[in-house]
Structures are given as structure tokens and as C-alpha cells.
Amino acid sequence: MNDSEIALIRYRMDRSKEALSAARLMYEKGHYNDAVNRLYYSCFYAVVALLATEGIHPTKHTAARAFLNKNWIKTGKLSKETGRLYNSLFDRREKGDYGDYFRFQREDVRDWLRSVENAIEEIFQAIEGQLLDS
């Protein structure tokens, strides 16, 4: 990997951290649908950073999901829990963003916040491992 690829990966990791921070703020203010949106994007930015370590740059969210599942979850490089969380957040974000008269519950979002924190840590560790190997 060259310096510009590493810079892009680090940038996406920073975006992931920012989205997680925003999710916490939205949660604290009671904006649960917005918190779920930010939780999804926190994972999404981490996933596209991880995929970039393999030279993969998906242009669609569905492609990022497919590559993550194929290259990282099914191979056992990342936990099935992280895969399930990402897949469920993908669906929940769409429901929360586009579903009429739909509100996420405080307790659910609280649990997802904790799960995303763990998933992001796992993904970041995998990224660091990839960077060390390059």
C-alpha cells in the first residue's frame, strides 16, 4: 500500500469515529432514528476502510455489504456477530430513514451503541493487522 491509500484508510477510520460520536450525541438527545443512521455510517466507514486494505473500493452500500460478508465474515477473519450487526444496521437505517411513523426505542439504540463500539474496535484491529502486513 502506498501513502495515499493509507491516508484514505485513516481518513475513513476517522469518519467512522466521528459518526459514532454523533450517534452518541443523537442518542443522548433522544433522536433515536438519527442515532441509528449514524451507527450505520460508523460501521460503513469502518467497513470501506477495511475493504480498501484489499484494494476494494465499492461504489454502493450493497457492494460493501457483499464484500464484507464474502471476504471477512464467511472466512472467519471477523466475527459473525459483527457481520450480523452490520447487516441489521443496514436494514434498520433504511427503515428509520424512509419508514413513515417509525421510531426506534431507547433501549434498543443503547444496546446497538455498545455493539457498534465493539464491532468498530474489531474492524480497526483487522485494519491495523492489514497495514502491518503490507
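The values are calculated or read from the model by the stated rules, or taken from the named source; none is laboratory data. Keep in mind it's a predicted model, so treat the numbers as computed, not measured. Glycine also receives a Cβ, built like all others from the backbone with ideal geometry; neighbour counts cover every protein chain displayed. For accessibility, only protein heavy atoms count, side chains too; no ligands or nucleic acids. Shrake-Rupley method; radii C 1.70, N 1.55, O 1.52, S 1.80 Å.
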Subject >> Exclusive hit being of a type in the set (Gly, Ala, Ser) and either open to solvent by 50 Å² or more (accessible area, probe 1.4 Å) or farther than 23 Å from Ser134 by Cβ (or both), set Ala46, Ala64, Ala52, Ala23 >> reply: Ala23
Original post:
Out of all the residues in region 15-54, which are closer than 21 Å to Tyr98 by Cα and among the β-branched types (Val, Ile, Thr)?
Top reply: Val36
**OP:** Of all residues in region 77-103, count the ones that are farther than 18 Å from Thr62 by Cα and modelled with pLDDT under 95.
**Re:** 5
Original post:
Are there any pairs with C-beta distances below 8 angstrom linking a residue in region 81-100 that is in contact (Cβ under 8 Å) with a residue 12 or more places away in the chain and farther than 14 Å from Asn37 by Cβ to a residue that is open to solvent by 40 Å² or more (accessible area, probe 1.4 Å) and among the hydroxyl-bearing types (Ser, Thr, Tyr), with the two at least 6 apart or on different chains, and if so which?
Top reply: Glu81/Ser115; Leu85/Ser115
Original post:
Residues in region 57-80: is at least one touching a residue at least 60 places away in the same chain (Cβ under 8 Å) and either over 14 Å from the mean Cα position of the chain (by Cα) or closer than 15 Å to Ala46 by Cβ (or both)?
Top reply: no
**OP:** Tell me, yes or no, whether region 118-134 has at least one residue that is over 19 Å from Ala19 (Cα atoms), touching a residue at least 60 places away in the same chain (Cβ under 8 Å) and open to solvent by 90 Å² or more (accessible area, probe 1.4 Å).
**Re:** no
Original post:
With region 58-134 as the region, which helices (runs of 4 or more DSSP H) entirely inside it contain at least 2 residues that are among the aliphatic types (A, V, I, L, M), in contact with a helix residue (DSSP H, G or I) (Cβ under 9 Å, 6 or more places away or on another chain) and farther than 19 Å from Arg12 by Cβ?
Top reply: 106-133
Original post:
Among the listed residues Leu39, Leu51, which satisfies the condition of being within 10 Å of the chain's Cα centre (by Cα), under 18 Å from Ala119 (Cβ atoms) and of a type in the set (A, V, I, L, M, F, W, C)?
Top reply: Leu39
